[in-house]
């Protein structure tokens, strides 16, 4: 760790190419870079998979990973523990936040602690945004299941810090390993254990390979995890070279290396990388699709590369994934809890307030009055009344897809406007089912696979998570259980989401009965529900941001910059609008990213409001207002 004092977060937001969500990936990268990889370009590996041998020889669990954003980590934890700074905020300084999701709540909580007058406008009647936990009366008393965020990687230090500070509850393991796979084209529809499936691939069983006839000779005889390791070995090698050649401490070297591979590979989708760089056959791509849980081929390759542990049994076991004992909605609810005392946000939120228009600051009619004008935010109430609130600063903490529905008196910066229109989001539909008994436990036990884990199939449900039984408080006093029966993406999510709720439940239950007929699970089905993000108006019809090809390089920095400087024509003007939400972070699709973006906005707003000394991008410090200062 650097001995230098923590820098302003805005410096890192403009430079960093990744966040703590990439620690599993960077563990993978750094652990596998000791041996030479000169023979590791794809043309050499394709014949003998030499790169896998090279990678495996270099792996050691004792090799610690210095995170590429260690200084950012220190700065954000310091903010949580000590506040954004020692300077007092001028009395009456006001901030309006649009959206009471985790990002808006996190920003509002820290700003309120720092002395700001905070108002949060939330269109719905609850907090949490895309954190959705279903409970009684949808499910039986004592049961819950997650329609949104459901798990916490071991390195998500922001979320874990708030869980600890707020004493939200215990964490226990989340099983990442896929234990079963069902292929409808194999022997007329067959359920295999994942180990058996991998064994058949390695033995090149003719009947299984009939499903993938165009596999190249070099692709046969290997599991999909091994083929993936080979496919990304050039990226690993480029990371290693950039890391070795960079000057500076380890965090800087890792950031530099990550920026290098982003520059090289951000132009690819996951599909185009596998086709053009890894030279995968169409059936290798089909195999990857059918045997993994989180494959979205139109994702930007870098996004899929960072989160490869989600679709890899071997990498999934390394990330220390856990879940919250009482349900994930306890996280947003903690920010409005009476336990927060005077810092609770419960009375700072206006529910049923749908923002429709924002108006930028206008000059005072009396030029002798030095008071800066305020931003006006117009919203509709549940009773169809149009009201306004005015504040010194505005934080937009909703998805870009929802932000597009809000009109403005003038546009944001060109790059920001383009990002709001173009940045890619992922559609997700989940179906959750309650059963009278946890019938799946006996099936897992009969195959010596414990009592829980994942199921991958080519049926409409695609991916099923059978919840962990050990240490699960839900299961201590009842034999019932609720499962995430279907977890679907993109077109699969649209198809399933277009069905009626009753049909969604029926299809999911029938799919599971087809896969495990011996359980007679249809007789045990009691209840069900679904979370259809494509039809969730307040989420903008999407579950989370995942950049498309080239979008990380093109948009990410602009998405983190503040806007609507006032006075508009002055080079000394101060920004008034700030952008939160997981899309404006390096950790897309995770609560960690929502918190990253919210805390960045806290740093930005506080710096503007208190005229702090701001660290500019060349590393020098100047008082705000001096030439060359970046005051976002």
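Report the per residue volume, in Å³, of the convex hull enclosing the C-alpha atoms of segment 101-185.
Spread over its residues, the Cα hull of segment 101-185 gives 183 Å³ apiece.
What is the order of 351, 444, 335, fewest Cβ neighbours within 10 Å to most?
351, 444, 335
Hey, rough spin-label estimate for residue 267 and residue 523, points 7 angstrom out along Cα→Cβ, what's it come to in nanometres?
6.1
Using Cα centres only, tell me the gap between segment 426-475 and segment 95-118 in whole Å.
Result: 37 Å between the Cα centres.
Would you please give the FRET efficiency between residue 247 and residue 77, computed as 1/(1 + (r/R0)^6) with r the Cβ-Cβ distance and R0 = 35 Å, to the nearest 0.05?
Values: r = 27 Å, r/R0 = 0.77.
Calculated transfer efficiency: 0.85.
Using 0.36 nm per residue of separation minus the Cα-Cα distance, give me the extension gain between residue 472 and residue 418 in nm, one decimal. Let's see the in-between values first.
Values: separation 54, 0.36 × 54 = 19.44 nm, distance 4.51 nm.
Length difference between fully extended and current span is 14.9 nm.
Ranking 582, 380, 219, 342 by Cβ neighbours within 10 Å, fewest first, what do you get?
Fewest-to-most Cβ neighbours within 10 Å comes out as 342, 380, 219, 582.
Cα atoms only: what Rg and Dmax, in Å, come out for segment 410-560?
19.3, 64
Give me the number: length gained by fully extending residue 436 to residue 217, i.e. 0.36 nm times residue separation minus the C-alpha to C-alpha distance, one decimal in nm.
Details: separation 219, 0.36 × 219 = 78.84 nm, distance 4.80 nm.
Working it through step by step, the gained length comes to 74.0 nm.
Starting from the 7 Å offset along Cα-to-Cβ, what nm value, one decimal, do you get for the label separation of residue 340 and residue 165?
In this crude label model, residue 340 to residue 165 measures out at 1.1 nm.
Looking only at segment 167-197, which residues have a backbone nitrogen under 20 Å from a spot 7 Å from the Cα of residue 204 in the C-beta direction?
Output list for this probe position: 196-197.
How far is it, in nm, from the label point at residue 125 to the one at residue 510 when both lie 7 Å from their Cα along the line to the Cβ?
Placing both labels 7 Å along Cα→Cβ, they lie 3.4 nm apart.
Would you mind calculating the gained length between residue 279 and residue 572 on full extension (0.36 nm times residue separation, minus the Cα-Cα distance), in nm to one decimal?
Result: 100.2 nm gained on full extension.
Computed from the coordinates by the stated procedures, all read-outs in this text should not be read as laboratory data. For clarity, every value in this text was computed on a predicted model and none was experimentally measured. Neighbour counts are summed over all protein chains in view; Cβ atoms, including those assigned to glycine, are modelled from backbone coordinates with ideal geometry.
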